[in-house]
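Read through the structure below, which is laid out as structure tokens, and then see the notes.
No lab work stands behind these numbers, since they all come straight from the coordinates. Small disclaimer: the values here were computed from a predicted structure and weren't measured. When we count neighbours, we look across all protein chains shown, and the Cβ atoms used for this are built from the backbone with ideal geometry, even at glycine.
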Amino acid sequence: MQTEEPHTPHRIPEHIAIIMDGNGRWAKARGMNRSMGHQQGVVTVREITTACSNLGVKFLTLYTFSTENWNRPADEVAALMSLILTSLEEELFMKNNVRLRIIGDLERIPEAVRESITGLQQRTAANTGMTMVIALSYSSRWEITRTVKQLARLAAQGQLDPENIDEQCIAAHLATHFMPDPDLLIRTGGEIRLSNYLLWQCAYTELYFCDTFWPDFHEADLLQAIEWFNRRERRYGKTSEQVTEA
């Protein structure tokens with residue numbers, strides 16, 4: 001019996017965010033070192049990036065390394081930093097006309113890694129296709145705390161009236177100010193939580209959780225997630241009748 005190839009959904013999310021979970025468990029299940037799972041996860045990043053670009057996704061945000069991940073064993077952190085340094089191949093971005101953006105606390109990133117990714121960000125700045133956003137040394141609480149401090153300083157300097165602070169003002173000072181909120185968030189690996197990822201931005205995001213480990217997540221799985229997204233009714237507080245009328 002042949003497996004039917006998933007078709008391209010008719011409605012493509014403008015912004016997809018992904019929590020790439022399960023690399024370590026994928027490797028452990030195969031008797032491998034956890035770093036091997038992260039290496040295989042890079043292969044999946046390349047496949048999904050290319051697929052999203054071809055589908056017409058405008059923004060793809062990948063949770064690559066959280067501020068909490070600094071608490072992992074030192075050898076694993078070092079391996080991850082080394083992998084980031086070698087895995088972001090310029091060819092992937094240029095071939096797919098993809099622009100790279102980085103969000104996170106880059107001051108904590110080793111200098112060699114920081115210089116490499118910021119250089120690649122500059123070299124891809126003129127690309128006009130999809131924007132891939134790497135969330136590196138990022139957490140939502142870090143981001144919101146940083147934003148509160150920025151607004152407090154502006155208010156203390158008399159440059160901002162506290163009464164004028166609204167949702168739009170806060171969003172404009174977040175690390176993600178240059179892109180829309182995610183339409184669809186995908187988390188692989190079987191966990192059902194956001195893990196301090198884009199908490200402000202995901203207020204009305206459709207959340208898709210699957211058991212597949214990230215190294216086993218392929219284009220067909222991406223299409224399945226987008227098909228699920230197509231079946232969702234995005235009401236934003238309205239009734240179904242109001243959405244239908246609109």
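The table for this structure:
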{"item": "Packing-based exposure ordering (other Cβ within 10 Å, fewest first) of Met132, Met32, Met81", "result": "Met32, Met81, Met132"}
{"item": "Helix-only [θ]222 nm of the chain, DSSP H runs n ≥ 4, -39500 (n - 2.57) each, per residue, nearest 500", "result": "-13000 deg cm²/dmol"}
{"item": "Cut-off 12 Å between beta-carbons: net charge of the residues surrounding Asn54, Lys and Arg +1, Asp and Glu -1", "result": "-1"}
{"item": "Calculated FRET efficiency for the pair Arg193/Ala112, C-beta based, R₀ 25 Å, to 0.05", "result": "0.15"}
{"item": "Dipole of the chain, positive end: most advanced residue of Gly24, Ala220, Gln168 [Cβ charges, Cα centre]", "result": "Gly24"}
{"item": "Cut-off under 5 Å, modelled amide H: who pairs with Arg99 long-range", "result": "Gly129, Met130, Thr131, Met132"}
{"item": "Approximate spin-label separation Asn71-Lys28, in nm, with each point projected 7 Å along Cα-to-Cβ", "result": "1.6 nm"}
{"item": "Proxy reagent accessibility, fewest Cβ within 10 Å first, across Arg187, Arg234, Arg46", "result": "Arg234, Arg46, Arg187"}
{"item": "Gaussian network model of the chain, Cα within-10 Å springs - most flexible of Lys95, Lys58, Lys28", "result": "Lys95"}
{"item": "Net dipole in debye of the stretch 59-187 [+1 Lys, Arg Cβ; -1 Asp, Glu Cβ; about Cα centre; nearest 20]", "result": "140 debye"}
{"item": "Distance between the stretch 135-169 and the stretch 15-52 - C-alpha centres, whole angstrom", "result": "33 Å"}
{"item": "Net charge of Cβ neighbours under 11 Å - reference Met36; Lys, Arg +1; Asp, Glu -1", "result": "+3"}
{"item": "Of Asn71, Asn23, Asn33, the one that fluctuates the most in a GNM where the chain has Cα springs shorter than 10 Å", "result": "Asn71"}
{"item": "Charge dipole (debye, nearest 20) of the stretch 150-190; +1 at Cβ of Lys and Arg, -1 at Cβ of Asp and Glu", "result": "280 debye"}
{"item": "The chain: most fluctuating residue of Thr61, Thr145, Thr124 per GNM, C-alpha cutoff 10 Å", "result": "Thr145"}
{"item": "Relative exposure of Asp221, Asp211, Asp183, judged by other C-beta atoms within 10 Å (fewest first)", "result": "Asp211, Asp221, Asp183"}
